[in-house]
Amino acid sequence: MNNIKLNALSELIENSKLVNCPDLNAEVRQVLPLGADAKNFVSFVSSKAFVKEAKSSKATLLVVNAELAEGLPEKPMLVVPNVELTLIKILHHFFPLEVSNGTHSPNAIIAKSAKIGANTQVGNFVTIGENVVIGDHCIIADGVKIERDVKIGNHSKIGMNCVIFHGTEIGDNFLSFGNSTFGGDGFGFTFLNGKHNKLPQVGKVIIGNDVEFGSNCTIDRGALTDTVVGNGCKFDNMVHIAHNCKIGDHVIIAGQSGLAGSVTLGNHVLIGGACAISDHITLVDGTIIAGGTSLRTSPKAKDVYIGWDLGLNYPDFQKYRVNIKNVVNLNKWIKRIKDIEKKVGIEAEEGKD
Amino acid sequence: MNNIKLNALSELIENSKLVNCPDLNAEVRQVLPLGADAKNFVSFVSSKAFVKEAKSSKATLLVVNAELAEGLPEKPMLVVPNVELTLIKILHHFFPLEVSNGTHSPNAIIAKSAKIGANTQVGNFVTIGENVVIGDHCIIADGVKIERDVKIGNHSKIGMNCVIFHGTEIGDNFLSFGNSTFGGDGFGFTFLNGKHNKLPQVGKVIIGNDVEFGSNCTIDRGALTDTVVGNGCKFDNMVHIAHNCKIGDHVIIAGQSGLAGSVTLGNHVLIGGACAISDHITLVDGTIIAGGTSLRTSPKAKDVYIGWDLGLNYPDFQKYRVNIKNVVNLNKWIKRIKDIEKKVGIEAEEGKD
Amino acid sequence: MNNIKLNALSELIENSKLVNCPDLNAEVRQVLPLGADAKNFVSFVSSKAFVKEAKSSKATLLVVNAELAEGLPEKPMLVVPNVELTLIKILHHFFPLEVSNGTHSPNAIIAKSAKIGANTQVGNFVTIGENVVIGDHCIIADGVKIERDVKIGNHSKIGMNCVIFHGTEIGDNFLSFGNSTFGGDGFGFTFLNGKHNKLPQVGKVIIGNDVEFGSNCTIDRGALTDTVVGNGCKFDNMVHIAHNCKIGDHVIIAGQSGLAGSVTLGNHVLIGGACAISDHITLVDGTIIAGGTSLRTSPKAKDVYIGWDLGLNYPDFQKYRVNIKNVVNLNKWIKRIKDIEKKVGIEAEEGKD
């Protein structure tokens, strides 16, 4: 339905150039991978590794940069400064970004003291508590529940059935998907008189601008001070951020990873999926933690860390993996050490093995 | 309340035979484990291992197969071709499957363009978007939110407070529990100009027939193409399926396990709980991944794999575990190697240790 | 807004004594960490390790015990029998506990057969099924969905958008945060005739008094018998408890940890974050499982256990970690063993390495 002619498409992209496209009125109607068995589609060549596949692609148009275009002499191409940014722009043509319809559902319960900005959409079965302030052009999707004193910036979307506890502050251009929970109590108890006594959690959650949370995430309020997330951070599904974490800017955390309490992440930290970061760990700017890693101590320097509890950097982890086959046979090697000792007349100490 | 007489119970089960049951009008009122201290209950002997316990069971009736019945000469029994299928049938007598009441709550918001099948129940505070198509005899439980263009087959149930994003397609006999999220965006960004730029996620989630999802699961839409789940798959709670995964038929994934992007699972794959499967991994038909396993590379053949990042199959993992005690003392063994070298006059290379 | 004078604050705490406080009418308005750069705040010295920081604290008042007070001769202090319990009491002054407003939202759907206790609050877009019994002074927050036959004690709070399946029983003083799911089906199938046949899950979830669940948790109903949680247990976010688990009293489970089916936990068990406990494991009273640990077998005695799949107690794990650097170089050590064998004339068996 959003078919677009090649020349119109070229006009969308600054400094782009159509090459080998005799019919500028030819239309494309979707974006597909190079190997798709389809018609009228755009595809893209994101690196040299895909040039070969591109040569036999049925794509009506290939998005490439100038360098890669040289390897595709006869293919119809849109030569662009940056393939990925072009791809994003073309996809937005076919799938326009969701925008607020500016209406408040009659089935939403909005406290009188709440301030809802211009052109902000409030969905069905939403509740918005006292003194909540929501900016302009936001979407509060169906089923969202927002407690008192929450602040949300402009152009932000809270996904369906998400829950936001009191006092949480969220910046501009926020995006979350379904069933995530923001600002629940941190997990803090003191064991006295035979039971776990709850330490009141009175800090807030404070989230910067341009942050995305996936579905079914949780981020807890701080104990005394706040849990803080910087600008430009992106969190996948089922990410858990415990109380008092301080997260810098442009941090990525992939699915099912969690930060225990009081973790500090610098800017541009990348954490793969299924990672567990222990409490009070600090990661400096640019640190990368490979998926499936548990960290128990703070690595000293920026590097790639990997591996369960081992504190290994990436090269050592590679050696570790190679040596697993030796660990599996370690008892045999130990037998050989003992045999040698016997032969050379070394007497093993009492109880040594 | 659903008490049943022994002869009526026997009639429920094809090719069953009551043995040692003088009073066919005796009633049972529940199913309990063999060791239960109760009256008027049915129990079952699912394998030879339980024959001894069965002998002293207080059960009014034991469900057994013909082979095991020989070991229980005097016990009141229902001898059946298959114990487990019989158990399922008897449990359904006591606890009938939930069925649609066929009503649409006046508190549901259903778009005019949505098509809801015959005898489908739509619960309270449900929202159903434009062009949604739902089959017959479905239950859309309280609080469910369904965006535009979603398709759901017949006899499917969407559990309370689940969320389904636009375009998701779900087959027949689907079942999900609470707070699961279907079709949120995949997690894809490209880092350019100092920030993570979101790659639009425009694929769908497509789920076959007879699939079950537990509570608080997430499955993401594909990036350009779809995330696909075959028929007969069963997923436990908090299972995460990332964008572009292709899952075959009759796959099982237990609690808190996750698939990173573009994972391909063959048919009859079994993945235990708390597993992390890295992106682009392929598992062939029938592969078994033991609980607690991380996989970083694709195993070559059908087998049982286990262990963090080790790529070990089950027998090697058993050896690995035995050798952990040697790893713990590895420094002592290394000392012994050095002592031998000294004794036999081998000079360690500079910086070798 | 809840400013309090020092003498009033002292009156809140039994057996407390103000020391070095010339102006008893001085006011404090919040609780902050020792190092806070602020005015009019209370802080606290919870152990000897903080005495040095306390000396330079800008706090208007330091909460300390008598022993630590000796090290702070000139600071304004509230000397108390127990610092942490005092802190809890003071925080409750500044942040009073949420209490029920006693109203039932006109937007809640409450079955006629349901019994709601005195002074219990029922929020917006809540549904409460047939024969549900809820005690006095409870809060059923916005968006909660409760199926038939659920029982909830007194003074309990069910957090926003939580879901409770039929028959679940919850005690007094319960607290849960957002999007948790109680009483979904356990994960049980039997593979027959080419497919996974669902075993009906007909047990309940039964939860004692004084239990807390965080956000996005799941606890499943039992298969034939019940899933049981004792008194005083506290569960963090994204904790998963599978069918038929039996959990004692005062158990702690931190974020993203899960129990597979039929796990038995004694009293006062502590499980850190990101742990995976295999099915049928038993942990005796007081067992501690460090964060990031997988357990595949039941430890025999009360101890601290740690480490992926290794079954190591804490001291052995420390040795294990030290030896990782040796594992990384294990191939070199094996080379040295072979060199020695050569030198001393031991012939390695065919295929031995």
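The values are calculated or read from the model by the stated rules, or taken from the named source; none is laboratory data. The shown structure was predicted, so the numbers you read here are calculated from the model rather than taken from an experiment. Ideal geometry is used to build each Cβ from the backbone, glycine not excepted, and the neighbour counts take in all protein chains shown. Calculation scope for accessible area: heavy atoms of the full protein, side chains included, ligands and nucleic acids excluded. Shrake-Rupley method; radii C 1.70, N 1.55, O 1.52, S 1.80 Å.
Table: residues versus (1) surrounded by 19 or more Cβ atoms within 10 Å (Cβ to Cβ); (2) within 14 Å of chain A (Cβ to nearest Cβ).
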residue	(1), (2)
C:Val51	no, no
C:Lys58	no, no
C:Leu62	yes, no
C:Glu67	no, no
C:Lys75	yes, no
C:Val122	yes, yes
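Please state which one of B:Val133, B:Val144 is surrounded by 24 or more Cβ atoms within 10 Å (Cβ to Cβ) and either modelled with pLDDT of 95 or more or not assigned by TED's automatic domain parsing to the domain that holds B:Asn209 (or both).
Answer to the check: B:Val144.
Is segment A:277-286 home to any residue that is in contact with a helix residue (DSSP H, G or I) (Cβ under 8 Å, 6 or more places away or on another chain) and either within 21 Å of B:Gly258 (Cβ to Cβ) or open to solvent by 20 Å² or more (accessible area, probe 1.4 Å) (or both)?
No, there is no match, as no residue in segment A:277-286 is in contact with a helix residue (DSSP H, G or I) (Cβ under 8 Å, 6 or more places away or on another chain) and either within 21 Å of B:Gly258 (Cβ to Cβ) or open to solvent by 20 Å² or more (accessible area, probe 1.4 Å) (or both).
Suppose the filter is touching a Leu at 6+ places or on another chain (Cβ under 7 Å), within 13 Å of another protein chain (Cβ to nearest Cβ) and open to solvent by less than 50 Å² (accessible area, probe 1.4 Å); does A:Phe182 pass it?
Answer is no for this residue.
Taking the condition among the hydrophobic types (A, V, I, L, M, F, W, C), touching a strand residue (DSSP E or B) at 6+ places or on another chain (Cβ under 9 Å) and outside any strand (DSSP E or B), does B:Leu85 pass?
Considered against the rule, which asks whether it is among the hydrophobic types (A, V, I, L, M, F, W, C), touching a strand residue (DSSP E or B) at 6+ places or on another chain (Cβ under 9 Å) and outside any strand (DSSP E or B), B:Leu85 comes out as yes.
Would you call A:Glu14 open to solvent by 30 Å² or more (accessible area, probe 1.4 Å) and under 26 Å from B:Gly222 (Cβ atoms)?
Considered against the rule, which asks whether it is open to solvent by 30 Å² or more (accessible area, probe 1.4 Å) and under 26 Å from B:Gly222 (Cβ atoms), A:Glu14 comes out as no.
Could you check how many residues of segment B:318-327 are surrounded by 22 or more Cβ atoms within 10 Å (Cβ to Cβ) and under 19 Å from C:Ser278 (Cα atoms)?
Summing the residues that are surrounded by 22 or more Cβ atoms within 10 Å (Cβ to Cβ) and under 19 Å from C:Ser278 (Cα atoms) in segment B:318-327 gives 1.
Looking at segment A:96-117, which of the residues that are within 12 Å of A:His155 (Cβ to Cβ) and open to solvent by 60 Å² or more (accessible area, probe 1.4 Å) is farthest from the other protein chains (Cβ to nearest Cβ)?
Once the filter is applied, the top-ranked residue is A:Val99.
Of A:Gly248, A:Gly266, A:Gly307, which residue is in contact with a helix residue (DSSP H, G or I) (Cβ under 7 Å, 6 or more places away or on another chain) and not acidic (Asp, Glu)?
A:Gly307
Confirm whether C:Asn179 is without any contact (Cβ under 8 Å) to a residue 12 or more places away in the chain, touching a strand residue (DSSP E or B) at 6+ places or on another chain (Cβ under 6 Å) and not charged (D, E, K, R). Outline the logic, then answer.
Numbers: without any contact (Cβ under 8 Å) to a residue 12 or more places away in the chain: no; touching a strand residue (DSSP E or B) at 6+ places or on another chain (Cβ under 6 Å): yes; not charged (D, E, K, R): yes.
No; evaluated as a whole, the condition is false for this residue.
Select from segment A:7-58 the residues that are out of contact with any strand residue (DSSP E or B) (no Cβ under 6 Å at 6 or more places or on another chain), part of a helix (DSSP H, G or I) and in contact (Cβ under 8 Å) with a residue 60 or more places away in the chain and write down the one among them that is nearest to B:Phe191 (Cα to Cα).
A:Leu12
In this structure, does B:Ile271 turn out to be in the same structural domain as B:Asn173 (by TED's automatic domain parsing), over 12 Å from the mean Cα position of the chain (by Cα) and at pLDDT 95 or above? Break it down stepwise before answering.
Working: in the same structural domain as B:Asn173 (by TED's automatic domain parsing): yes; over 12 Å from the mean Cα position of the chain (by Cα): no; at pLDDT 95 or above: yes.
It is false that B:Ile271 is in the same structural domain as B:Asn173 (by TED's automatic domain parsing), over 12 Å from the mean Cα position of the chain (by Cα) and at pLDDT 95 or above.
Can you name the condition, by its number, that C:Asp249 falls short on among (1) in a strand (DSSP E or B); (2) closer than 26 Å to B:Gly35 by Cβ?
With respect to (1) in a strand (DSSP E or B); (2) closer than 26 Å to B:Gly35 by Cβ, C:Asp249 is out only on (1).
B:Gly188 passes all but one of (1) within 7 Å of another protein chain (Cβ to nearest Cβ); (2) touching a residue at least 60 places away in the same chain (Cβ under 8 Å); (3) open to solvent by less than 30 Å² (accessible area, probe 1.4 Å); which number fails?
So B:Gly188 meets the others, but not (1).
Mind checking which residues of segment C:164-194 are outside any loop (DSSP other than H, G, I, E, B) and of a type in the set (Phe, Trp, Tyr)?
Hits for segment C:164-194 are C:Phe182, C:Phe189, C:Phe191.
What number of residues within segment B:113-163 satisfy the criterion of being polar (S, T, N, Q) and assigned to a strand (DSSP E or B)?
2
Among the residues of segment A:195-235, how many are more than 7 Å from chain C (Cβ to nearest Cβ), assigned to a loop (DSSP other than H, G, I, E, B) and either within 19 Å of A:Val144 (Cα to Cα) or open to solvent by 40 Å² or more (accessible area, probe 1.4 Å) (or both)?
10
Restricted to segment C:290-318, and to residues that are more than 16 Å from C:Ile252 (Cα to Cα), of a type in the set (Gly, Ala, Ser) and facing another protein chain (nearest Cβ under 7 Å), which residue is farthest from the chain's Cα centre (by Cα)?
That would be C:Gly307.
Starting from segment A:111-134, keep only residues that are of a type in the set (Lys, Arg), then list their pairs with residues that are open to solvent by 30 Å² or more (accessible area, probe 1.4 Å) whose Cβ atoms are within a distance under 7 Å, requiring at least 6 positions of separation or different chains.
Every condition considered, the pairs that remain are A:Lys115/A:Val133.
Specify the residue that is nearest to the other protein chains (Cβ to nearest Cβ); the eligible residues are those in segment B:259-280 that are part of a strand (DSSP E or B) and in contact with a Cys (Cβ under 8 Å, 6 or more places away or on another chain).
Checked segment B:259-280; the qualifying residue nearest to the other protein chains (Cβ to nearest Cβ) is B:Leu259.
So which pairs qualify, if the first residue must be in segment A:69-98 and on the phi > 0 side of the Ramachandran plot and in contact (Cβ under 8 Å) with a residue 60 or more places away in the chain, the second must be part of a loop (DSSP other than H, G, I, E, B) and among the basic types (Lys, Arg), the Cβ gap must be under 6 Å, and the two must be at least 6 apart or on different chains?
Filtered contacts from segment A:69-98: no entries.
Please determine whether any residue of segment B:152-174 is among the small types (Gly, Ala, Ser), touching a residue at least 60 places away in the same chain (Cβ under 8 Å), more than 10 Å from chain A (Cβ to nearest Cβ) and on the phi < 0 side of the Ramachandran plot.
Checking segment B:152-174: at least one residue is among the small types (Gly, Ala, Ser), touching a residue at least 60 places away in the same chain (Cβ under 8 Å), more than 10 Å from chain A (Cβ to nearest Cβ) and on the phi < 0 side of the Ramachandran plot.
Test C:Arg321 against the criterion of being at the interface with chain A (Cβ under 8 Å from one of its Cβ atoms) and of a type in the set (Lys, Arg), and give yes or no.
yes
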